[in-house]
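Read through the structure below, which is laid out as structure tokens, and then see the notes.
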Ligand SMILES: Nc1ncnc2c1ncn2[C@@H]1O[C@H](COP(=O)(O)OP(=O)(O)OP(=O)(O)O)[C@@H](O)[C@H]1O
Ligand SMILES: [Mg+2]
């Protein structure tokens, strides 16, 4: 950066040095951080590397037209507000520029005040666009509280507790085996709380690589580590005003546990590589399928953090403890997946239901849901019978197999219904996991994966198999 200030960062693009100097001075006087580029290519490189709030671009430059620069900029970073600078003769083009996403245009000659006003307005407008987008996403996401199906005594108790804790602000620790509905319960608490209109942000602590989890939680400044090409908000900041769901909390490193504890106590976060502290208002709901108390006893989980999270414990019972809920759940999943699968199922054969109720369901509700979905795709008529559920009818215990259910916990013997996947699938899954964890930041993802961005691009475009032959 040519000049440092505390305000928004602006990139000035003009091939004339005098014009750049004059504009730089005008903006630096108002504490903008100003950076300059004298040709389009340099400008795009800087935009890719830096994080700017706005760019002021001359429409007429040698090499590449201002409009092309504008379009390239919008592609690289749609969050940057672009102000186009035009001469008298190019007002027509300026109109075109507005259509292509410029926030504003300035006609030459202009005064320093006019420049400052245009930049300020462009940044404000961009901010508004962003807020609108966020609002729309939030409204779209905000549905009614998800239904936790089940009329068994333990499920009624779970619903009663959810309704009660939703009124308050206390931290909730949701426990239960895999697939018992922990995330669903957390979403229900959020949806019933006064924070319902604010974001619900879920972080799967087990899916984010350990070294990235801190930045995932607290965000980072640009340049905080290799690959941190711009400032990024962490989940705590994104969940501000709403609910933060910390899934698989038991997998977190002891070091990060200490940081999390401090944040929960002080209610402020410090992004990685930053001096600033940011006040945060979030309700935390944590979940685990491990026995955290046991982890505390063995020294893998901090006791003080355990007590801070476990203010209100919410235990979701395994499905085998409430077989009475199975018929209701089956109906619920038939209704849920019917439209998508274009299947109209009218009834479930009683023998099949009896077999479902007797099965052990190690993957709990998630496994039952997959079994129903699979049976719906396999069945021909309107009745789900034992045949549709595979060999369930003949062998009522433990034979319901689903490919997406929880991993087998019996030592991983390969079974007929779930063949071991080929390498390409595993690779693809892992790549998707890293991409997800980096919020589709391909550069960061390729750094973690140890491959070039080009190779990564080819792999996510479905050429993994080809690639591994090289
Ligand atoms: N009581 C319920 N009523 C309706 N759907 C349910 C219920 N419990 C779970 N489900 C459904 O089962 C699936 C798994 O639930 P969820 O993801 O909440 O489980 P989980 O406990 O978080 O599992 P995991 O430990 O594997 O992450 C989801 O599709 C969810 O909607
Ligand atoms: Mg879950």
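Every number in this text was worked out from the coordinates using simple rules, so none of it is lab data. No experiment lies behind these values; they were computed from the predicted model shown. All Cβ positions, even for glycine, are placed from backbone atoms using ideal geometry, and neighbour counts span all protein chains on display.
Which value in deg cm²/dmol, rounded to the nearest 500, describes the helix-derived mean residue ellipticity at 222 nm for the chain, given -39,500 (n - 2.57) per DSSP H run of n ≥ 4 and division by the residue count?
Details: 19 runs with 211 residues, N = 470.
Mean residue ellipticity, 222 nm, calculated: -13500 deg cm²/dmol.
For the range 320-393, the gyration tensor built on C-alpha atoms gives a prolate shape. Its axis ratio a/c (a ≥ b ≥ c) is at least 1.5, and a/b is the larger of a/b and b/c.
Take every DSSP beta bridge with both residues inside the chain and express the antiparallel ones as a percent of the total, to the nearest 5. Could you put the intermediate results ahead of the total?
On the way: 5 of 43 bridges.
Restricted to the chain, the bridges split so that about 10 percent are antiparallel.
Across the range 9-134, the relative contact order, built from alpha-carbon pairs under 8 Å that are at least six residues apart, equals 23 percent. Helix 364-378 and the longest principal axis of the Cα set of the chain meet at an angle near 90°.
Axis angle, to the nearest 10 degrees, between helix 423-437 and the longest C-alpha principal axis of the chain: 60 degrees. By the count of other C-beta atoms within 10 Å, a proxy for reagent exposure, 274, 370 are ordered fewest to most as 274, 370.
If the chain linking residue 96 and residue 21 were pulled fully straight, counting 0.36 nm for each residue of separation and taking away their Cα-Cα distance, it would gain 24.3 nm.
Return a whole-number percent for the relative contact order of the chain, with Cα pairs under 8 Å and 6 or more residues apart as the contact set. Write down the numbers at each step before the final one.
Details: 775 pairs, mean separation 51.1, N = 470.
Across the chain, relative contact order equals 11 percent.
Using only Cα atoms and rounding to the nearest 10 degrees, what angle (0 to 90) does helix 40-49 make with the longest principal axis of the chain? Between the helix axis and the principal axis of the chain, the angle is about 40 degrees. Taking 0.36 nm per residue of separation and subtracting the current Cα-Cα distance, fully stretching the chain between residue 423 and residue 320 would add 33.6 nm.
What's the center-to-center distance, using Cα atoms, between the range 98-127 and the range 293-363 in Å? Cα centres, the range 98-127 to the range 293-363: 55 Å.
Beyond 17 Å, what percent of the Cα pairs of the range 56-95 remain? Walk me through the intermediate numbers first.
On the way: 195 of 780 pairs.
Beyond 17 Å sits 25 percent of the P(r) for the range 56-95.
Two decimals is fine: what is log10 I(q)/I(0) at q = 0.14 Å⁻¹ for the chain, from a Debye sum with one equal scatterer on every Cα and no solvent? Computed log10 I(q)/I(0) values: -1.34. A P(r) calculated from all alpha carbon pairs of the range 40-140, with 5 Å bins opening at zero, reads 2, 13, 23, 23, 20, 11, 4, 2, 1, 0 percent.
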